[in-house]
1. Starting from the Cα of residue 92, draw a straight line to each of the lysines and keep only those under 16 Å, dropping any in the same chain fewer than 8 residues away.
2. Could you tell me how far the Cα centroid of region 283-360 sits from the Cα centroid of region 392-428, in Å?
3. I'd like the Karplus ³J(HN,Hα) series for region 28-43: coefficients 6.51, -1.76, 1.60, θ = phi - 60°, whole numbers in Hz, and an x wherever there's a Gly or Pro.
4. Volume per residue, Å³, of the convex hull around the alpha-carbon atoms of region 237-351?
5. Within straight cross-link reach of residue 123, meaning Cα distance under 15 Å, which aspartates and glutamates are found once same-chain residues fewer than 8 apart are removed?
6. Sequence gap at least 6, Cα distance under 8 Å: using those rules, report the relative contact order of the chain to the nearest whole percent.
7. Where does the chain land at 222 nm, in deg cm²/dmol rounded to the nearest 500, when only DSSP H runs of n ≥ 4 count, each adding -39500 (n - 2.57), divided by all residues?
8. For region 281-293, what does the Karplus curve 6.51 cos²θ - 1.76 cosθ + 1.60, with θ = phi - 60°, yield as ³J(HN,Hα) per residue in whole Hz, taken in order and with x for Gly and Pro?
Amino acid sequence: MKKNVVFWIGVKNKQYSEKYGGWKWMDISRKSWEYWCKKNDVLFIPFEEPVEQDLTRFRINWQKAIFVFDELENRNIDYDKVWLIDCASVIKWDSPNIFDMVDDRLVGWVNKDNLNWIYDSIKGYQEFFDNFKFDKSKYIASGNIIFNKNHKEFFNSFKSLYYDNIDTFVELQDKIVKKGTEQTPFNYWLQMKDIEINTELPFTWSASHLHRKELFNHNWQLNEDRTPFFIKYCYVWFYTGFSKDQRTDLMNQTWELVKHNYEKNSTIEFLLESIGEDKHTNPTTTSNKFKTDVWNFFKDFKDKICIEFGTHKGQTTKVLSHCFKKVYTINISDESLATARMLNVGIGNIEYVPFDLYSTEILDIDDASVFMIDAGHKYLHVVSDINRCLSMSSGDSCYIIFDDYGLDKHVGDVKKAIDEFIDNNKIELVKKIGLQKGQTLGENVFEDDEGLICRIVK
């Protein structure tokens, strides 16, 4: 049965490793495309080994274009449509299936990122192509195109063109024109062969030169969400248009923000690694032991709603989001909520609620059966939080998770309040969690365990 294919170009040329700042960025690209392909029932076909070993005469950009059909057929791929994509790209985790949006025309995206470069390149190759009247408005990027078997003859003719003129092309690209490799000749050939091109899909499928388009920015006028524009609005992100040795750093920064979205079944180990902080490095967060204990107890509560009192950086929020159907995280600070949104970008079951927990207003959220209290740490704050939970609890079996129960500096407030509710049979202890009694945290010591899981007594 024929399947659509992503033909991913990812040859690691050792000669250029330093120029490109290593190859970690290529591994990031591959992970994103593998995830998207699996999600959309598309074959992921990597092109990682060159057909021709002389990479001076046969640059990888040439090889991807002239050997794509040979590669597919040599691997016995029964393909329908083929999406040729360069490894300088990352595809967003929830991008729709583009193959459902295209017809049998060759699909490309008009390239306007550097018009001076494009103009010089077109002029540089004009004489070779017999002064063909080239339409600059139809110039497309060659590292992001979709085609099918109807275009095989065109690609084969382009291969013949290269082999017949290889020395001339090498001289033009390396010594005379010095504007790219195969992209401009490919565009000339498309127009000379009168290939119909579908350029109707929006640029969000080919977002390149992100810095020039200010897509690394966010809406500073609505500062509650600092998610960069390219992550919010674009499907395919190209890390081009800047020094190549910056690519690893920029792609890795992006990956650290979004990688949790590319894990179908996240483990607690993966979540902790993506959070990157423990209580020993940031005393104001919950410990990895705390988060792990919460995960182990609640990971099968996938049909339940949780309300978190106190967001901080959204680190525990991330763990809760993988345990529950819906998580509401409550904080009075827009700064805190903005930070949490960045950490948890793309996680769709978290709702960020700006609210003063210590006002007399009603927190209007229904059907919650689990609460996490880690907001104000004064005695009256904790009493208020517990009473709010008791009034909002829904169902026969409801739980409250407490942080900072046993830390010495909080026992006169947090622990005192919780113990009173336990003694008064309003809540009952189910399990102690987190760092244990006697462990130290800098100059502080745990006089009891870090946290508790309690059940609300009905």
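1. Partners found: 31, 38, 39, 232, 259, 264.
2. Result: 18 Å between the Cα centres.
3. Calculated HN-Hα couplings, in order: 5, 4, 4, 4, 5, 6, 4, 4, 4, 4, 4, 5, 10, 6, 10, 6 Hz.
4. On the way: hull volume 14.2 nm³, N = 115.
Taking only Cα atoms, region 237-351 has a hull volume of 124 Å³ per residue.
5. 135, 182
6. Working: 770 pairs, mean separation 53.9, N = 458.
Relative contact order for the chain comes out at 12 percent.
7. On the way: 15 runs with 146 residues, N = 458.
Mean residue ellipticity at 222 nm (helix-derived): -9500 deg cm²/dmol.
8. 3J(HN,Hα) across region 281-293, in whole Hz: 9, 9, x, 8, 9, 7, 6, 4, 5, 4, 4, 5, 5.
FYI, it's all coordinate maths here, none of it is from the lab. Predicted model, so just to flag it, every value in this text is computed and none were measured. Cβ: placed from backbone, ideal geometry, glycine included. Neighbour counts: every protein chain shown.
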